[in-house]
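What follows is one structure encoded as structure tokens, with my remarks underneath.
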Amino acid sequence: MRTKILPSALSLFNLNLLHLLYYSSNSLEPLLAKKIGLENEAIEIEKCLKDQIILQEKSIFQKEYDSKKEKLDKALKMDVLSKDEHVAKLAQAKLKLDNFDNIRKLKKQKEMDLITQDELTEKLTALGA
């Protein structure tokens, strides 16, 4: 009689185990989908923040350029600078503004220790920064 109870108890256990696995996998799927959704949302928020930071940095570069241009224009009008000096200095300031993205990337590379300080300085100088 024990042998009959044991197999039926074992099959009942297996059946319960199958039900448990089925229901737990069904309850995990919505949680996994929600987790993936939240991860994607976090990535989008990070992208938006990064974009805002880039816009703020670019605005700073633009203000620096505008200020430099204003000073150079004033110096030209006051005959403190020649037209050639004015053009050369303005071109140097414009070079820095035009290379904004490259300058950002170089600074990020230095932060991540991908380049040395000497390399950073050399490359920034070449870009007008």
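In table form, for the structure just shown:
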quantity: Filtered residues of region 97-128 (kept if acidic (Asp, Glu) and touching a Gly at 6+ places or on another chain (Cβ under 9 Å)); calculated: ASP98
quantity: Test for LYS68: is it assigned to a helix (DSSP H, G or I), modelled with pLDDT of 90 or more and open to solvent by less than 100 Å² (accessible area, probe 1.4 Å); calculated: yes
quantity: Number of the condition not met by LYS4 [criteria: (1) surrounded by 10 or more Cβ atoms within 10 Å (Cβ to Cβ); (2) modelled with pLDDT under 90]; calculated: (1)
quantity: Scope region 88-129; condition open to solvent by less than 80 Å² (accessible area, probe 1.4 Å), of a type in the set (Val, Ile, Thr) and more than 22 Å from the chain's Cα centre (by Cα); matching residues; calculated: THR121
quantity: Residues that are over 19 Å from PHE100 (Cα atoms) and of a type in the set (Val, Ile, Thr), drawn from region 40-59; calculated: ILE43, ILE45
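The values are calculated or read from the model by the stated rules, or taken from the named source; none is laboratory data. Given the structure is predicted, the values throughout are model-derived calculations rather than measurements. Note that we place each Cβ from the backbone using ideal geometry, even for glycine, and neighbour counts take in every protein chain shown. Quick note on the areas: whole protein, heavy atoms, side chains included, nothing else; ligands and nucleic acids left out. Shrake-Rupley method; radii C 1.70, N 1.55, O 1.52, S 1.80 Å.
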